[in-house]
Every structure is written in C-alpha cells, then in structure tokens.
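Below: the structure, in structure tokens.
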Amino acid sequence: MEDPTTTAMNLTYAGTLVIGVVMFVGVAGAFVITLLLAGLGRLIATLGMALFGRRAGAPAFQKPATKISPKLKPARKEPQISPEWAAAVERADARARARAEAAAAPEVTVSVRELPAAGHPERKAS
C-alpha cells in the first residue's frame, strides 16, 4: 500500500486542478452569456427602431430648423492678443535667440595660406 501522505497530496493536487477547470469554464460561460445578451439587446433595439420608423443613429428629438438672417448673424471675431502680451513674447524670443547665439560654437575660418609649410613645422604661421 502507498504512503497515505502521497495519496493525500495527489488528491489535493487533483482537486485543485478540477476546481481551476470548473472556475475557468464558469468565467468563459459568463463571458459568452454576456456577449449573447449584448447581441440580443442590439437586435431587439434595431428591430424596434425599424418597426417604429426611426433610423439608427438619428436623434430622438430634433429641433425645427431656424433660418438666421445674415444681418442678424453675429460676426465671428478673431482672438486678439494684448499688446503687453505680444511684447513679452517678443522679449522672451529675443532672450532665447541671444542664448542660442551665445551657446553656439564660434566660427573658425582658416585659409590654406595661414598653415605652416609641410617641410617646416616649427615655423609660425603669419
């Protein structure tokens, strides 16, 4: 006869697997039922809208269209920036340009005539 401890461990393992499978099947079944109910609800809603003559996506209550005279229609105004704000932005831009110029590496220009001759490396360039 086997050891009772081994049998108890095997039964515990098998029971855990069975409970896991049952829980998986239950969650999968609940997911499928949810999808079926959602589809059935949409089908019923579509049929109800078709029977009562309302198109899908149309608003339930529409206000009657009113025609506004061009004379009464308010003119659209473009947003205006205050002069103080524009001046502050210009000053900030000038500071940013000055910082960029100060951080830039100086331009180095060397012509070929200023280089020392190849045969005389100790000569200074004039």
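Report yes if residue 84 is modelled with pLDDT of 90 or more and either surrounded by 10 or more Cβ atoms within 10 Å (Cβ to Cβ) or acidic (Asp, Glu) (or both), otherwise no. If you could, list the steps in order and put the result at the bottom.
Values: modelled with pLDDT of 90 or more: yes; either surrounded by 10 or more Cβ atoms within 10 Å (Cβ to Cβ) or acidic (Asp, Glu) (or both): yes.
When the stated conditions are applied, residue 84 passes them.
Determine if region 1-16 includes at least one residue that is over 37 Å from the mean Cα position of the chain (by Cα) and charged (D, E, K, R). Break it down into steps so the answer makes sense when it comes.
First, the residues of region 1-16 that are over 37 Å from the mean Cα position of the chain (by Cα): 1-16.
With charged (D, E, K, R) added as a condition, the list becomes 2-3.
Checked region 1-16: at least one residue is over 37 Å from the mean Cα position of the chain (by Cα) and charged (D, E, K, R).
Give the residue, chosen from 44, 33, that is modelled with pLDDT of 85 or more, over 33 Å from the mean Cα position of the chain (by Cα), among the β-branched types (Val, Ile, Thr) and surrounded by 10 or more Cβ atoms within 10 Å (Cβ to Cβ).
On the way: 33 fails: over 33 Å from the mean Cα position of the chain (by Cα).
Matching residue, one of 44, 33: 44.
The values are calculated or read from the model by the stated rules, or taken from the named source; none is laboratory data. Remember, predicted model here, so these are calculated numbers, not experimental data. Methodologically, a virtual Cβ is constructed for each residue, glycine included, from the backbone with ideal geometry; neighbour enumeration extends over all protein chains shown.
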